[in-house]
Amino acid sequence: MPQVLEFSDVVVRRNARDIVSHLDWTVSDDAHPDGLEPLIDHVVGLGMEFGIWVEPEMVNPDSDLYRAHPDWALGDPDLTGRNQLVLDLTIDDCWHHLFGALDRLLADHDISFVKWDMNRDVVAAGTHAQTVALYRLLDALRDRHPEVEIESCASGGGRADAGILERTQRIWTSDCNDPLERQTIQRGFSYFLPPEVMGAHVGPPRAHTTGRTHRLAFRASTALFGHLGIEWNLLDATDRDLEKLAAWIALHKELRALLHCGDVVRLDPPDAATIAHGVVAPDRAGAVFSFAQMATGPTAGPPRVQLRGLESDAVYRVERIEMPGDPMGLAMEQPTWATDGVGLTGRTLATVGLQLPRLLPESALLVRMDAVS
């Protein structure tokens with residue numbers, strides 16, 4: 001799949017005073033006097049697809065749309081959230097206005113991806129009818145523009161359900177890109193939805209939601225299993241950072257067919273400080289597992305983890321996926337398989353298990369298994 005360029009929240013907020021307060025879901029002449037075409041052409045010329053971030057269910061009181069149709073807003077006009085009101089999609093004229101604006105936006109521009117956001121709570125009556133009208137709007141746009149991919153977003157993962165997934169290709173899992181938080185968020189997500197629809201991005205070294213800093217290896221290994229993206233101003237990255245990031249992207253592309261078509265396996269290590277999961281190929285010919293050390297473990301020795309989902313009688317070559325900048329831990333000796341690899345049967349891995357190396361807190365180990373017989 002081609003890469004998709006997404007505008008960061010930083011860019012949107014930086015221009016909010018000039019653009020967002022007057023936004024009527026048409027291209028602003030003030031912000032883009034030559035239209036979107038020069039920007040789109042530049043992005044496409046770099047070998048990427050162009051994506052755009054919209055929040056069409058919302059209206060700002062300081063907008064031409066609201067001044068012309070204040071009756072299209074749901075609820076008390078004085079009860080704004082994020083300086084917004086919610087448009088009543090059950091009003092036929094309102095629905096057709098939004099459909100027309102979005103249809104023209106997609107028809108007139110080479111747009112391949114839409115991030116469909118919804119940040120304000122719907123607190124007025126008629127929520128079910130509003131939801132049905134939203135589905136009808138998405139269905140109509142998908143019918144007119146079937147090649148456009150849509151990501152569902154609502155203050156992060158607030159709109160992640162089977163109904164919306166019928167109409168979108170991806171769900172933004174959370175606005176928190178801190179990998180320590182993401183390990184538990186993504187595990188919960190995996191109980192209901194597959195990894196190929198899970199928006200998971202490599203963020204900057206310092207997470208804006210928690211203030212924590214993490215190595216690139218932990219950030220990238222956490223995002224690897226989902227619909228991998230980059231949410232990091234790469235102008236702030238060093239040349240070495242870019243080399244490492246390129247290696248992680250190459251690994252994701254190499255493993256994507258397995259990660260997004262295999263069977264998800266969740267493991268339960270005896271050590272609560274470890275989160276473990278993996279993906280096993282449908283034919284059981286290979287697998288990739290992640291072991292994330294969330295904190296210092298309760299014992300001096302790391303746990304041994306039993307791996308499920310493999311073919312019992314098959315022999316697997318078990319190897320650590322070694323990536324640049326990926327630390328192994330401070331132990332003077334680590335299990336020999338972590339450096340030299342080992343051949344084990346699926347039955348041994350499921351019953352005896354795999355002895356983990358001693359890892360640093362807030363780091364992760366990736367292990368690849370390929371059937372050799």
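The values are calculated or read from the model by the stated rules, or taken from the named source; none is laboratory data. Not measured: the values here are computed from a predicted model. Reconstructed Cβ throughout: ideal geometry from the backbone, glycine too, with neighbour counts over all protein chains shown. Note: accessible area is taken over every heavy atom of the protein model, side chains too, but ligands, DNA and RNA are not part of it. Shrake-Rupley method; radii C 1.70, N 1.55, O 1.52, S 1.80 Å.
Taken together, the criteria exclude Asp62 from residues that are part of a loop (DSSP other than H, G, I, E, B), out of contact with any His (no Cβ under 9 Å at 6 or more places or on another chain) and open to solvent by 30 Å² or more (accessible area, probe 1.4 Å).
A count restricted to region 69-106 and to residues that are farther than 14 Å from Trp25 by Cα and part of a helix (DSSP H, G or I) stands at 5.
Quick test for you: out of Pro302, Pro324, Pro269, Pro335, pick the one residue that is part of a loop (DSSP other than H, G, I, E, B) and touching a helix residue (DSSP H, G or I) at 6+ places or on another chain (Cβ under 7 Å).
Answer to the check: Pro324.
Contact map, region 253-265: first residue crowded, with 16+ Cβ neighbours inside 10 Å and small (Gly, Ala, Ser), second residue modelled with pLDDT of 95 or more and outside any helix (DSSP H, G or I), Cβ cut-off under 6 Å, separation 6 or more or different chains; pairs are Gly262/Val279; Gly262/Val280; Gly262/Ala281. Only residues that are surrounded by fewer than 19 Cβ atoms within 10 Å (Cβ to Cβ) and not in a loop (DSSP other than H, G, I, E, B) were counted across region 108-129, and they come to 4.
Being at pLDDT below 95 and touching a strand residue (DSSP E or B) at 6+ places or on another chain (Cβ under 6 Å) is the requirement here; does Val122 meet it? Yes; evaluated as a whole, the condition is true for this residue. The lone criterion from (1) out of contact with any helix residue (DSSP H, G or I) (no Cβ under 9 Å at 6 or more places or on another chain); (2) at pLDDT below 50; (3) surrounded by 13 or more Cβ atoms within 10 Å (Cβ to Cβ) left unmet by Arg17 is number (3). Of all residue pairs spaced 6 or more apart or on separate chains, those with beta-carbon atoms under 8 Å, a first member in region 274-301 that is without any contact (Cβ under 8 Å) to a residue 24 or more places away in the chain and a second member that is open to solvent by 10 Å² or more (accessible area, probe 1.4 Å) and in a loop (DSSP other than H, G, I, E, B) are Ala281/Cys261; Ala281/Gly262; Pro282/Cys261; Pro282/Gly262.
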